[in-house]
Amino acid sequence: MSPSCAVEPPFGAARPQGSYAFEVAVVPEPHRVAQLRLITKTFLRYRAVPAPLAQDVVVVVSELVTNAIEHGHGTVSLRVRHIGGDLFVETTDENPAPARLRPPTPDDEHGRGLFLVSCLSESWGVSDDGRTTWASFHASSGRP
């Protein structure tokens, strides 16, 4: 199967309606962030998500995955769902300590990731068990 067939159905094939998603689990290594950005970008292009929104989603994926790798424990998973007009991004790891937004000082070299997530997404939060951090977006267009 060619790479284009792995992402795009053959020309003329009917596209199923409903929700679309992918989930990937990786070992917590820094080079995985770039791989997960690329997978997400490809998925969003396939779903015809407008480029400006897709760019924001990819930045959020990068920040959430980086946080999970740097502060989490064990395997890191990324799940991206496109349901109707909404996009959801979730990262999960084994650390029960929830991600929290903190104001960085001007001298901090790190610590702005969740601030970016809060600025770029419609909403974001952490699951009750602290292991999953999520962000949501409204996609006004895209494939049905």
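The values are calculated or read from the model by the stated rules, or taken from the named source; none is laboratory data. Since the model is a prediction, treat every value here as computed from it, not as a measurement. Ideal geometry is used to build each Cβ from the backbone, glycine not excepted, and the neighbour counts take in all protein chains shown. Ligands, DNA and RNA are stripped out before the accessible areas are found, and what is left, the full protein with its side chains, is counted by its heavy atoms. Shrake-Rupley method; radii C 1.70, N 1.55, O 1.52, S 1.80 Å.
A few points about this structure:
- Residues in the range 1-45 that are among the basic types (K, R) and at pLDDT below 95: R15 only.
- Filtering the range 89-101 to residues that are touching an Asp or Glu at 6+ places or on another chain (Cβ under 9 Å) and surrounded by 16 or more Cβ atoms within 10 Å (Cβ to Cβ) leaves only E90.
- Among the candidates A68, A48, the residue that is among the small types (G, A, S) and either on the phi < 0 side of the Ramachandran plot or at pLDDT 95 or above (or both) is uniquely A68.
- Output for the range 71-122, where each listed residue is touching a Pro at 6+ places or on another chain (Cβ under 7 Å) and at pLDDT below 95: G72, G111, R112
- Of all residues making up the range 45-65, the number that are in contact (Cβ under 8 Å) with a residue 40 or more places away in the chain and under 11 Å from the mean Cα position of the chain (by Cα): 6
- Taking residues in the range 100-111 that are under 17 Å from H71 (Cα atoms), and partners anywhere that are modelled with pLDDT of 70 or more and among the hydrophobic types (A, V, I, L, M, F, W, C), the pairs with Cβ atoms closer than 6 Å and at least 6 places apart or on different chains are L101/L114.
- Output for the range 37-88, where each listed residue is open to solvent by less than 30 Å² (accessible area, probe 1.4 Å), more than 24 Å from R102 (Cα to Cα), touching a helix residue (DSSP H, G or I) at 6+ places or on another chain (Cβ under 7 Å) and part of a helix (DSSP H, G or I): T40, L44, A54
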